[in-house]
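To start, the structure itself, in structure tokens.
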């Protein structure tokens, strides 16, 4: 029934609408006479603005002079009145319900087999706020919201070029979620856009409720440790990626945008890097690279050296570690796994619990569990210190938190099982996986592999803005 065309008889069409909607209480049907023609204005309660629909629709439509037929009424509305800037036509019930549920008011007239829709959206939405997950000091303090039209306006306000293209798509058999594909047509190869569109055509989900529903369709099906399609909640970051030749996808109802393709080096870059002096920005970037290695390898190196390679330690340090570990009842590997798993449980509890309870979680975990575990001898102080330093280093790169968590545990097990040889073996496997990761032919590790000297100016270091402005960088340079 939803796919059927609108019936020309108004009473029959209204009856069909009630049957399809199950007489839902939020589907409002207002019948009236305009220009001597029986009409009905349909909308969804809570999705339209009462003041806007009264001023732009009700008052002008009820003042229309008498018309000879419904065709003349539609002609008068289309040619003489400007009721809304967004005025699509409705020819079937599927389109009718989709527009109603998107905040449109639909006008039906007796004797016409199509309707007129007017954009009078007025549903409640969160305003533009500072993003919580991508903080900055010197940049803008605006983040994406759950409304896709608002997010589109934030991008357009920053990139006023006519080369910026925004294509509206609709996916989800039940949710009918609006997607917006954004790209700079003078920067992105048309072949890449065709492949992205084909990937999106493969989406046959019933509902799209988060970016995680879409990202697998934009990535390779082979196993990848790191995500080759990134996300951001900052419009300024998204605009910088569009200028570099990327494509972005906005999802209605989600305050995050998907960026394709993504590079590994971008996890170590922030917008503040371009507000500081080059030497300080380069220092911060190398600090993040060091934090990444410490977050992944620090616990595993500690366990491997203490268990298999104590000769690498000087005598004083060796005696300190031996004295601390001899009172622990468990093996070093078991202690480390216990400490890391307890941290992950505490972190997950702090994220999921209501915010007023978050402070209590920190107090309980820090003062009670941590202090009691050390004083009781269940966990040695050096091991707890190494675990804390590793976790703290991982907080420097919140975007890589899932990968860091799994890699930290994997390297810990490898180091506890085979020492430094196990760590080296696993590191080779991870490195091969990262270097083999690509998205639509763009290497994930560029410009490090394949190496591009020209790209080092904004990855290994941060060159002066005067040099960067003449570089004309786009990711097309790394396309294989």
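Extension gain, residue 392 to residue 342: 0.36 nm times the residue separation minus the Cα-Cα distance gives 16.5 nm. Relative contact order for region 10-119: 31 percent, from Cα pairs under 8 Å spaced at least 6 residues apart, divided by residue count. Spin-label model, residue 221/residue 272: points 7 Å from Cα along the beta carbon direction are separated by 4.3 nm. Per q in 0.14, 0.19, 0.23 Å⁻¹, report the Debye log10 I(q)/I(0) for region 134-207, using one uniform scatterer on each alpha carbon and no solvent. The Debye formula, applied to the Cα set alone, gives -0.60, -0.97, -1.13. Note on the chain: helix-only mean residue ellipticity at 222 nm, from DSSP H runs of 4+ residues weighted -39500 (n - 2.57) and normalised by residue number, equals -13500 deg cm²/dmol. The simple spin-label model puts a point 7 Å past each Cα toward its Cβ; for residue 421 and residue 68 those points are separated by 9.7 nm. The convex hull of the Cα atoms of region 148-262, projected and averaged over all directions, covers 6.7 nm². Highest average first, the peptides 384-390, 254-260, 17-23, 409-415 ordered by how many other beta carbon atoms sit within 10 Å of their residues are 254-260, 409-415, 384-390, 17-23. For the chain, the convex hull spanned by the alpha carbon atoms encloses 190 Å³ per residue. Multiplying the residue separation of residue 287 and residue 140 by 0.36 nm and removing their Cα-Cα distance gives an extension gain of 50.5 nm. For region 275-436, how big is the tail of P(r) above 29 Å, as a whole percent of Cα pairs? Distances greater than 29 Å cover 26 percent of the Cα pairs.
Entry note, the chain: relative contact order of 13 percent, from Cα contacts under 8 Å with a spacing of 6+ residues. Here the Kirkwood formula puts the hydrodynamic radius of region 19-85 at 13.2 Å, using every distinct Cα pair. Counting neighbouring Cβ atoms within 10 Å and putting the fewest first, the residues 467, 171, 220 line up as 467, 220, 171.
Residues 338, 301, ranked from the fewest to the most other C-beta atoms within 10 Å, line up as 338, 301.
Each value in this text was obtained by applying a stated rule to the coordinates, not by laboratory testing. Just so you know, these numbers come straight off a predicted model, no measurement behind them. All Cβ positions, even for glycine, are placed from backbone atoms using ideal geometry, and neighbour counts span all protein chains on display.
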